[in-house]
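Notes follow once the structure below has been shown.
Rule-based calculations on the coordinates, nothing more; no lab input. This one's a predicted model, so the numbers in the text were calculated from it and none came from an experiment. Note that each Cβ is placed from the backbone with ideal geometry, even for glycine, and that neighbours are counted across all protein chains shown.
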Amino acid sequence: MTASLPRQAASPEEPRRPPETPGHKARRRALTLLIIVLLIGVPAGYLVISAAQSRNSGKDKESKYSATGLTAGWPSKVQRRLYQVPVPHPADRIAYYETNNWKTSRLYVQFRTNSAGLDSFLEGMGVNRDALRKNDISISSRDQKISGWKFTVPGTWSGLTHKQKNPAPTQDVVVNTADPNYPMIYVVSRTVP
């Protein structure tokens with residue numbers, strides 16, 4: 001035999017609730033369902049979107065850092081500032097490649113500009129056209145092999161090496177002025193971390 005517990009009588013001061021109508025019951029259940037969906041669905045949706053963005057970001061970085069040669073486009077502002085390669089405006093045929101190791105970091109940049117852009121570029125490096133030496137290929141054969149540049153093709157080549165005290169980078173520059181109005185510029189800027 002089980003003992004039943006006595007029921008507590010309702011307070012005489014408390015008004016009695018009317019019985020719940022079917023419409024009120026449906027609204028209450030719909031509100032409860034909405035709250036559950038929001039509490040579970042919104043965070044779950046956020047996680048799915050966040051995971052997709054993270055995965056895409058990783059793929060972008062993987063393709064960027066697995067590049068093994070020049071990539072068309074502008075080097076980032078940070079790269080241009082760090083390696084002191086002031087690519088002028090206007091410029092086209094822009095491509096770059098960066099290598100890093102424990103000993104030396106290099107940024108390879110190529111671009112075509114106009115005559116005023118060449119002067120602006122050289123001035124931004126702290127030199128002028130007088131520093132260019134005719135028929136001087138200042139970019140080493142090692143760097144030519146890495147970048148894929150070949151300076152054996154007939155052309156009007158000039159070059160210079162702009163040495164600076166560490167930690168500032170040293171730049172090797174080759175300029176092809178076969179078309180004096182639109183010179184093609186090749187730069188290897190190297191720095192010791």
* Rh (Kirkwood; distinct C-alpha pairs) - the chain, Å -> 22.0
* Structure fact -> The helix 22-65 Cα axis meets the longest alpha-carbon principal axis of the chain at an angle in degrees, between 0 and 90 and rounded to 10, of 20
* Gain in length, Asn100 to Ala26, computed as 0.36 nm per residue apart minus the alpha-carbon separation, to one decimal in nm? -> 20.1 nm
* Structure fact -> Averaged over all viewing directions, the convex hull of the alpha carbons in the stretch 78-173 casts a projected area in nm² of 6.5
* Looking at Pro167, Gly69, Ser189, which one has the Cα that reaches farthest to the positive end of the dipole of the chain (charges on Cβ: Lys, Arg +1; Asp, Glu -1)? -> Gly69
* To do: Using per-residue counts of other Cβ atoms within 10 Å, averaged over each peptide, order 165-175, 30-40, 89-99 from highest down.
  => 165-175, 89-99, 30-40
* **Where Cα atoms sit under 25 Å apart: lysine pairs in the chain separated by 8 or more or lying on different chains** => 19
* **0 to 90° range, to nearest 10: angle between helix 115-125 axis and the chain longest Cα axis** => 80
* Asked: Using +1 on the beta carbon of Lys and Arg, -1 on that of Asp and Glu, and nothing else charged, what's the dipole of the stretch 95-193 about the Cα centre, debye to 20?
  -> 380
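Counting other Cβ atoms within 10 Å, which trypsin sites (Lys or Arg not before Pro) in the stretch 118-154 have at most 14 and lie in a DSSP loop?
Lys150
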* How much length is gained if the chain between Ser76 and Gln53 is pulled fully straight, taking 0.36 nm per residue apart and subtracting their Cα-Cα distance, in nm to one decimal? -> 6.1 nm
* Is the shape of the stretch 127-190 rounded, prolate or oblate, going by the alpha carbon gyration tensor and its root eigenvalues a ≥ b ≥ c, with a/c under 1.5 for rounded and a/b larger than b/c for prolate? -> oblate
